[in-house]
Amino acid sequence: MPKRLYARSLIIVIAPMILLQSVIAFVFMERHWQTVTERLSTAVTRDIAAIIDMIETWPQDRDLAEVARIAQERLQLKIDLLPPDPLPSPGSKPFFSILDYSLGQQITRQINRPFWLDTVGDSSIVEIRIRLDDKVLRVFARRSHTYASNTHIFLLWMVGTSLVLIAIAVAFLRNQIRPILNLAEAAESFGKGRPMPSNFKPRGADEVRRAGLAFIQMRERIERQIEQRTAMLSGVSHDLRTILTRFKLQLALGGSKADRDALNQDVDDMQSMLEGYLAFARGETGESAVSFDLAGFLEKQVEEARLRKRQLRTSLTGDPEITVKPNAFSRLLSNLIGNALRYAKTVEVDATHAGGVLLIVVDDDGPGIPPDKREEVFKPFVRLDDARNQDSGGTGLGLSIARDIARSHGGDIALEDSPLGGLRAVISIPA
C-alpha cells in the first residue's frame, strides 16, 4: 500500500469503482451481449435456411429473381448464386470473435453444409457462402442483424462516465488533502525552528480545522512560555548586573590590591556564569532561519585550530548551503569543536548533507567521557570531575546549550566512542 494519504484515498475511491465496473462488464458481456448475439445469429441463419429450402423446392426459378426479391424486401438479405468453385480458405480470426463462433455454430446446426464466413474488419456487411449441390449461395447480411453492435457504446459510456467521476473525485479529494499537507508543513517548520508558512490557515473538514487550531494554540502557548522565561531571566540578569556593578565600584574605592584582585575575579566569574545562564534560557529564540554557508564556517574553524596549534581536518559532502539559525548553529558547532580542540590534539569533522538531512560527526583523540556519563553531561549545570567540559570558566552549560540548539532545529546530538580513541559527537539535523 502507498504511504501517502492522498494515494490511499485515491485507491479507496477508485478501487470500488473499478471492481463494480468489472463485475457489470462481465455480467453484461457474459449474459446480455452473448445472448443477444446468439439470438441474432440464430434468426439470420434461420432466414438463410428458408432461402435454401425455397431454392431447392422451386428449382424452375433458375435466375432466383423472385427468391432474391423476397430475401431483399422481406429478410433484408442480398443473395446470388456463384459457380461451384471451391470455397475460399478460412482466414485468420480475431482473438475475441463471438460473432464467428455464434454464427458458425448456428449454420452448422441448422443448415449443416460446407460454408465460409467473412466477418473480419470494420465493414457493416457480413459475407456468407454456403455450398449447395451444384452451386454456391452467397449471402450478404448486415452486421447489425447478426451481432449486438451497440456493446462498444455501453462500454464507452461506462468508461467515460467513470473517468469524469474520477476526475471530479480527484479534484475534491485534493482540496481535502491540501489542508492536511499544509498542517504537516507548518508543524515541520515549527519543529525545525523556522517561521510558520504565511499562508497557513485552518481549512478543510471540521476535524482538520480542529487539528489546525489546536496546533496554532499549542505553538502560541510554547512561544508565550519561552518569551515569559526569557523576559524573567532578562529581568533577573539586569538586577544581578546592577549588583555586580556596585561590587566593582566598591572594590575600586577601597581595600588592598590583593583583596581587590580576588574579589574582581569572583565578580568576573559571576558575570560569566550569568551570561551563560541567560544564553541557555534564551536559546536564540528570536533568530530566524536563513541560508548558512557550512563550508565557510568549517574553514574558519580550521584557521582557529591552527592558531591554537591543534590539528583539525574537515570534510563536506553535498550542498554546503543549509537553512538554519546562523548564530545559534554557529554556537552549536563552536561548542562541540572548541570542546574537542581543548582536550584533544587531533580533531576530525565530517559533514554530509544529503536526503534532506545534515549529519555532522566530530571525532577526537582526547580522554573522552565514560559511557554511563554521556547523557548526564547534557543536563544543565552538570560538570564531571574529570570531564572534558571542566575548566576554570565553565558553567556546565556547553553541551546543554548545544543539544538545546540542535533540538530547536528538529535534530539531536549523540555521544559515542570515536575511532580516534576519544569521543565522537554526532549531530543530526533536518536541513
remark   = Counting sequence-distant residues (5 or more places) and residues on other chains, those with an amide H built under 5 Å from that of LYS78 are PHE140
message = Please list 3J(HN,Hα) in residue order for the range 416-431, calculated via the Karplus relation 6.51 cos²θ - 1.76 cosθ + 1.60 where θ = phi - 60°; whole Hz, with x for glycine and proline.
response = 9, 6, 9, x, 7, x, x, 10, 10, 10, 10, 9, 10, 9, x, 8
ask   = Given H placed on each backbone N at 1.01 Å, which residues far from LEU397 in sequence or on other chains put an amide H within less than 5 Å of it?
value = PHE381
task = Mind checking the full-extension length gain between ALA25 and ARG210? Use 0.36 nm per residue of separation minus the Cα-Cα distance, one decimal, nm.
result = 62.3 nm
task = Would you mind getting me the FRET efficiency between GLU56 and SER123? Use the beta-carbon distance for r and R0 = 41 Å, nearest 0.05.
result = 0.90
ask   = Considering every Cα-Cα pair within the range 281-356, what fraction, in whole percent, is farther apart than 20 Å?
value = 35
query = Which entries in LYS192/LYS345; LYS192/LYS379; LYS3/LYS201; LYS345/LYS373; LYS248/LYS379; LYS345/LYS379 show an alpha-carbon gap greater than 29 Å?
reply = LYS192/LYS345; LYS248/LYS379
task = Subtract the Cα-Cα distance of ALA184 and ALA231 from 0.36 nm times their separation in residues, and report this length gain in nm to one decimal.
result = 13.9 nm
inquiry  = Need one number: nm distance between label points at GLN176 and ASP85, each 7 Å from Cα along Cα→Cβ, rounded to one decimal.
reply    = 6.7
ask   = Taking amide hydrogens as modeled 1.01 Å from N in the peptide plane, which residues meet the under 5 Å criterion relative to LEU358, leaving out close sequence neighbours?
value = ILE429, ALA431
request  = Give me the distance in nm between label points sitting 7 Å out from Cα along the Cα-to-Cβ direction at ARG221 and LYS379, one decimal.
outcome  = 2.7
message = Explain nothing, just compute: Karplus ³J(HN,Hα) = 6.51 cos²θ - 1.76 cosθ + 1.60, θ = phi - 60°, for every residue of the range 334-342 in order, whole Hz, x for Gly and Pro.
response = 5, 4, 5, 5, x, 4, 5, 5, 5
ask   = Could you give the length gained on full extension between GLN250 and ILE168, defined as 0.36 nm per residue of separation minus the Cα-Cα distance, in nm?
value = 21.4 nm
remark   = With the convex hull built on the alpha-carbon atoms of the range 1-77, volume per residue in Å³ sits at 125
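FYI, it's all coordinate maths here, none of it is from the lab. Model, not experiment: these values are computed from the prediction. Please note: Cβ atoms are built from the backbone with ideal geometry, for glycine as well, and neighbour counts cover all protein chains shown.
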